[in-house]
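Reading through the structure tokens given below for one structure.
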Amino acid sequence: MPSTRMVQGMDGLIDSIPLLVCVAGPDGSIASANGYFAQATGFTKGELAGMSVFDLVSERKGALKETLAACDSVKEVDVLVKRKDGTEFPGILAASRQGDSTIGMAITESSRLRQENEELRRKESLKDEFIAIASHELRTPIQPILGLALLAKKGAISSDEAWDSVLKEARRLTQLANDILDVSRIENGTLRYNFAKANVAEIVDYVVRNIKMGELGREIDFSVSMDDAARAAQCDLDRQRITQVLTNVIGNAAKFTGKGRVAIGARIDAKNSWYDIVVSDDGGGIPAAVLPHMFKKFITRSVGEGEKHGSGLGLFISRAIVASHGGTIYLYNNEDRGATFVIRLPFERPNALA
Ligand SMILES: Nc1ncnc2c1ncn2[C@@H]1O[C@H](COP(=O)(O)OP(=O)(O)OP(=O)(O)O)[C@@H](O)[C@H]1O
Ligand SMILES: [Mg+2]
């Protein structure tokens, strides 16, 4: 006979495993169900304890009692489990039999449902992790803003000195908040695009001009080269979002090069189906440790203060935007120095082609 402590231990274990579990005696009366099972059916554990398996499940093909009587040892039957609200979900009832009688039954979800539940739990935990990192990242620029404001108020530093840094940190905070919003829209599938025919070369020129004027471009020698066909070409795209992608990729090239050259080129592939924007730098290249994780969230290598400190969301967002245009981003380390990123856009987005 198992001791009471052992049975209580088993109950605790059954309650904590991330599976739906409901156990019933030989006559079908439910002996216990775990929290996951109660949650999935909408009944409380107390309500379930007063019910019979035969009220709770129905066999997909035929009558459950007859199916059980016709088998020996362990039998698994595909069933539909009723929820309190009258809806049903697919499950498995396993009955253990000895001789003529059933000695116990257990109900759990079908493997497909189990996979869906596991996927749901995995997504939940990734979401929790994202919220934890995002909150931490959001707090980072707030500390210096508070510290500098207090120092300036006490007269320990000049207001001008404080303003410069406060503005820098506030810009960083705004950028980070926008990026976090974008990530959440990408993951919910709610990032909206305004597609229209646009000249890509104009966007490249605009982005390069902006970066040249900012802190990142100060010590970079930029060059833009493309033939007449690439200069004239129009793609079906969201101008604002592609500007965001190019700002990140060209900005990265400048940021991770520091002092050196960034060459931007554009080309149309021979069959006229792709427009490639190629961004090449002569910086340190992509470290082997970062390479396999480039498009994951919060992968970042800090290269200094202020605008040079990134959150590591840029490439995750860039890839999602380009994918929504039916394109891809790929990259490689150059043979001599630095890295090359290729942003490949189709002339027409896929659903427009369809
Ligand atoms: N041209 C490059 N040369 C070397 N490393 C790069 C280059 N581009 C990206 N990386 C590496 O990939 C990481 C991810 O880039 P990503 O644009 O996602 O983040 P970030 O620039 O650090 O931050 P954010 O873009 O969110 O401001 C960078 O932190 C850096 O380690
Ligand atoms: Mg970046």
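The values are calculated or read from the model by the stated rules, or taken from the named source; none is laboratory data. Please read these numbers as outputs of a predicted model, since none were measured by experiment. When we count neighbours, we look across all protein chains shown, and the Cβ atoms used for this are built from the backbone with ideal geometry, even at glycine. Accessible surface is based on the protein model in full, side chains and every heavy atom, while ligands, DNA and RNA are left aside. Shrake-Rupley method; radii C 1.70, N 1.55, O 1.52, S 1.80 Å.
The figures follow:
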item: Lone unmet requirement of (1) among the aromatic types (Phe, Trp, Tyr); (2) assigned to a strand (DSSP E or B); (3) under 30 Å from the mean Cα position of the chain (by Cα) for PHE222; result: (3)
item: Selection status of LEU237, assigned by TED's automatic domain parsing to the domain that holds GLY312 and of a type in the set (A, V, I, L, M, F, W, C); result: yes
item: Failed criterion for VAL224 (all others in (1) open to solvent by 50 Å² or more (accessible area, probe 1.4 Å); (2) modelled with pLDDT of 95 or more; (3) within 16 Å of ligand 2 (Cβ to nearest atom); (4) β-branched (Val, Ile, Thr) hold); result: (3)
item: Residues being modelled with pLDDT of 90 or more, hydroxyl-bearing (Ser, Thr, Tyr) and open to solvent by 20 Å² or more (accessible area, probe 1.4 Å) - total across segment 258-286; result: 1
item: Only one of VAL208, VAL183 that is touching a residue at least 60 places away in the same chain (Cβ under 8 Å) and either of a type in the set (A, V, I, L, M) or surrounded by 19 or more Cβ atoms within 10 Å (Cβ to Cβ) (or both); result: VAL183
item: Check on LEU176, surrounded by 16 or more Cβ atoms within 10 Å (Cβ to Cβ) and either at pLDDT 90 or above or touching a helix residue (DSSP H, G or I) at 6+ places or on another chain (Cβ under 9 Å) (or both); result: yes
item: Residue that is modelled with the highest pLDDT [pool: residues in segment 301-317 that are over 13 Å from the mean Cα position of the chain (by Cα) and assigned to a helix (DSSP H, G or I)]; result: GLY314
item: Looking only at segment 242-257, and only at residues there that are modelled with pLDDT of 95 or more and open to solvent by 40 Å² or more (accessible area, probe 1.4 Å), the one that is farthest from ligand 2 (Cβ to nearest atom); result: GLN244
item: Residue match in segment 263-270 (condition: within 7 Å of ligand 1 (Cβ to nearest atom), in contact with a Leu (Cβ under 9 Å, 6 or more places away or on another chain) and either in a loop (DSSP other than H, G, I, E, B) or on the phi < 0 side of the Ramachandran plot (or both)); result: no
item: Lone unmet requirement of (1) touching a helix residue (DSSP H, G or I) at 6+ places or on another chain (Cβ under 8 Å); (2) open to solvent by 50 Å² or more (accessible area, probe 1.4 Å); (3) closer than 25 Å to ILE321 by Cβ; (4) free of Cβ contacts under 8 Å to residues at least 40 places away in the same chain for ILE142; result: (3)
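The rows are residues; the columns are (1) away from ligand 2 (no atom under 11 Å from the Cβ); (2) free of Cβ contacts under 8 Å to residues at least 60 places away in the same chain; (3) surrounded by fewer than 18 Cβ atoms within 10 Å (Cβ to Cβ).
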{"residue": "CYS235", "(1), (2), (3)": "yes, no, no"}
{"residue": "ALA288", "(1), (2), (3)": "yes, yes, yes"}
{"residue": "SER311", "(1), (2), (3)": "no, no, no"}
{"residue": "VAL322", "(1), (2), (3)": "yes, no, no"}
